[in-house]
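Everything on this sheet refers to the single structure shown next.
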Amino acid sequence: MDDRPAWARRMREERLVREWSQVTAVRALMARLPYDPAGPDEQSMLRQWKAWESGSKYPQKYRSEIAATFGTTTNAFFPPHSREARSQLQVVNDMDTVEIVARMRASDVDQATLDALRITVDRLCCEYAYVPAAQLLTEGRAWMGRVVAMLNQRVSLSQMRDLYALAGKLALLVGCVEYDSGDPRQAEATRRAALSLGDEAGHLGVIGWGHEMRCWFALTRGDYRGVIQAANDGIERAPHESVAAQLYAQQAKAWARLGDRQQTEIALDKGRQVLEALPYPESIEDHFVVDPAKYDFYRMDCYRKVGEDQLAEQLAGEVIRASTDFDGTERAPMRIAEARITLAVAAARGGDLDSALSYGERALSGDRQSLPSLTMVSSDLGQVLKTTYSKVPDAADFLAHLRNLKPPNPEPPMPET
C-alpha cells in the first residue's frame, strides 16, 4: 500500500499522466513563479520536487503554483480539512420542524426563526446529492410555500429580503430536482421564479445560480451556444460570486462539445482563478456552494470530450476519491456516476470492453440520478460502443439499457428572455 499523503500521490500521478519527467514538471512549475533573481534555481527546486513526491516534505510555499501547473485549484489539490471532518454538516439546529413552522405562523418574525429557517434551507440543499428525488421535491416545495406565505406577515425590510433570498434558494433546489426527474418545463418555470425572487432580494448568488441552471438545461439539450450566452449573462450579474466558477465551467463544457480546445482551456482557467480568489467555503455539501474539488469534475468532463483519455481517467479517480468517505460511503453519487462513465469511455476507447461495461453498469445502477446529465454523459460511451463493439452481444445489451435511460417525451428547446 502507498502510505504517502494524497497530495504527494497526486503530484506523481498528474506528472506521469502527462508523460513529464520530474525536470519537465519543475520547469513547468518555475514558469508560474514570479521572477526573483535570488529565487531557487532548477536543481534546488528539483530536490524539493523529489521530496514533495515522496511525501517527506509539504510544499507550503508553492501549493498554489503546483495546483495551477496541473490546471486545478489549491484547495482541490491540498484540501484544508479532512474528508471525515468535511462530511459533517457544520450547523446545529435546536428547533424541530414543528416548532419552526409554528414560529413562522406567528404575527411577528424574530431572528431566531429566520436563523432556524436558514439552517433548514441549507440542510435541504446539502441533501440534494443523495436524498431520493421524490422525497426532496416534496419537502422542498412544502418549505418554499411556507416561506412565501411569511412574506404576507409583518416583517421588516431586511427580513423581507432574507425571506425572498431563502425562497429563491428553495426554488433553485426544487427546479434542479424537477429537471433531474424529467420535468423540464416545470423546472424552467421554477428557475424563472427563483430569478425573480433573487432580483427582489438583490441576492447575487441566487441570481447567478438561476443563470447557471439555464446553462445546465441548455447543455443537456445540446444547445451549446445557448450555454455560452447564459454563462456570460450570469457572469455579468455575479462576477465575484462562487457561482461564476461554475458558469465558466459550463462554458468550458460547451466549448469542449463544440470542439474548441483553446476556448475550453481558457474558460477552465478563468473558473479556476475565481475559486483561487475566494475563501474555502464553510459547507461544501451545499449544492449551491462550489466545492473547490468539484473543479476536477468539470475538467474531467471536458477532457473526456476532447479525447484526452489519460487525463480524464486520472481526474475521474480523483473525483471518486474526493466524493467517497473513509468508510466507503458515497457522498456525491451523481458525481461518482459521471466519473465511472468517464472511466468506462476511457476503457472502451482503449480496447477493454469488459471494464467499460462494468464501469458503465455501476454508473447506471445508482438510486439518486440526474437523468438529463447522466443521459448526456452516457451518450459518449454509447457512441464508442456503437462504433467499435456494435456486434458484441454484451455491448448491444448495454446500449439497450442506455436507450431505456432517456426521459420520455424529450422537450424542445425553451426560449429565454
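The values are calculated or read from the model by the stated rules, or taken from the named source; none is laboratory data. All figures in this text were calculated on a predicted structure; none of them were measured in a lab. In this analysis, Cβ positions are derived from the backbone assuming ideal geometry, glycine residues included, and neighbour counts consider all displayed protein chains.
Of the candidates 268, 311, 275, 315, the single residue that is touching a Cys at 6+ places or on another chain (Cβ under 8 Å) and buried (at least 17 other Cβ atoms within 10 Å of the Cβ) is 268. Annotation note: Cβ proximity below 8 Å between a residue of the stretch 1-13 that is closer than 17 Å to residue 73 by Cα and a residue that is of a type in the set (S, T, N, Q) and loosely packed, with under 15 Cβ neighbours inside 10 Å (sequence gap 6+ or interchain) occurs for 8/54. Annotation note: of 148, 121, 155, the sole residue that is of a type in the set (Val, Ile, Thr), within 21 Å of residue 193 (Cβ to Cβ) and touching a strand residue (DSSP E or B) at 6+ places or on another chain (Cβ under 9 Å) is 155. The criterion of being of a type in the set (D, E, K, R) and either at pLDDT 90 or above or assigned to a helix (DSSP H, G or I) (or both) holds for residue 361. Taking (1) closer than 26 Å to residue 113 by Cβ; (2) surrounded by 22 or more Cβ atoms within 10 Å (Cβ to Cβ); (3) modelled with pLDDT of 95 or more in turn, residue 204 satisfies each apart from (2). Do you know which residues across the stretch 190-212 are in contact with a Lys or Arg (Cβ under 7 Å, 6 or more places away or on another chain) and of a type outside the set (Gly, Ala, Ser)? The answer is 191, 204, 206, 207, 211. If you go through the stretch 26-79 and keep only what is outside any helix (DSSP H, G or I), hydrophobic (A, V, I, L, M, F, W, C) and surrounded by fewer than 16 Cβ atoms within 10 Å (Cβ to Cβ), you end up with 31, 33, 38.
Is at least one residue of the stretch 113-132 over 26 Å from the mean Cα position of the chain (by Cα), at pLDDT below 85, part of a helix (DSSP H, G or I) and farther than 15 Å from residue 285 by Cα? Yes, the stretch 113-132 contains at least one residue that is over 26 Å from the mean Cα position of the chain (by Cα), at pLDDT below 85, part of a helix (DSSP H, G or I) and farther than 15 Å from residue 285 by Cα. Looking across the stretch 287-323 at every residue that is within 14 Å of the chain's Cα centre (by Cα) and of a type in the set (Ser, Thr, Tyr), the one that is modelled with the highest pLDDT is identified as 298. Of the helices (runs of 4 or more DSSP H) lying entirely inside the stretch 147-254, those carrying at least 3 residues that are farther than 28 Å from residue 300 by Cα are 157-180, 184-201. Residue 20 falls short on exactly one of the conditions (1) without any contact (Cβ under 8 Å) to a residue 12 or more places away in the chain; (2) in a helix (DSSP H, G or I); (3) surrounded by 13 or more Cβ atoms within 10 Å (Cβ to Cβ), and that condition is (2). Of all residues in the stretch 37-55, those that are closer than 13 Å to residue 12 by Cβ and not acidic (Asp, Glu) total 6. Within the stretch 153-175, is there a residue that is under 23 Å from the mean Cα position of the chain (by Cα) and farther than 18 Å from residue 287 by Cβ? No, because not a single residue in the stretch 153-175 is under 23 Å from the mean Cα position of the chain (by Cα) and farther than 18 Å from residue 287 by Cβ. Residues in the stretch 233-262 that are in contact (Cβ under 8 Å) with a residue 12 or more places away in the chain and polar (S, T, N, Q) were compared, and the one that is nearest to residue 203 (Cα to Cα) is 242.
Among residues of the stretch 231-265 being out of contact with any Cys (no Cβ under 6 Å at 6 or more places or on another chain) and β-branched (Val, Ile, Thr), the one that is surrounded by the most Cβ atoms within 10 Å (Cβ to Cβ) is 243. State whether one or more residues within the stretch 386-395 are outside any helix (DSSP H, G or I), of a type outside the set (D, E, K, R), modelled with pLDDT under 90 and closer than 30 Å to residue 211 by Cα. No: the stretch 386-395 contains no residue that is outside any helix (DSSP H, G or I), of a type outside the set (D, E, K, R), modelled with pLDDT under 90 and closer than 30 Å to residue 211 by Cα.
The set of residues in the stretch 245-281 being more than 13 Å from the chain's Cα centre (by Cα) and hydroxyl-bearing (Ser, Thr, Tyr) consists of 264, 280. For the stretch 285-295, filtered to residues that are part of a loop (DSSP other than H, G, I, E, B) and out of contact with any helix residue (DSSP H, G or I) (no Cβ under 6 Å at 6 or more places or on another chain), the residue that is surrounded by the most Cβ atoms within 10 Å (Cβ to Cβ) is 291. Under the condition of being buried (at least 19 other Cβ atoms within 10 Å of the Cβ) and within 22 Å of residue 188 (Cβ to Cβ), which residue from the stretch 133-152 is farthest from the chain's Cα centre (by Cα)? Top of the filtered list is 147.
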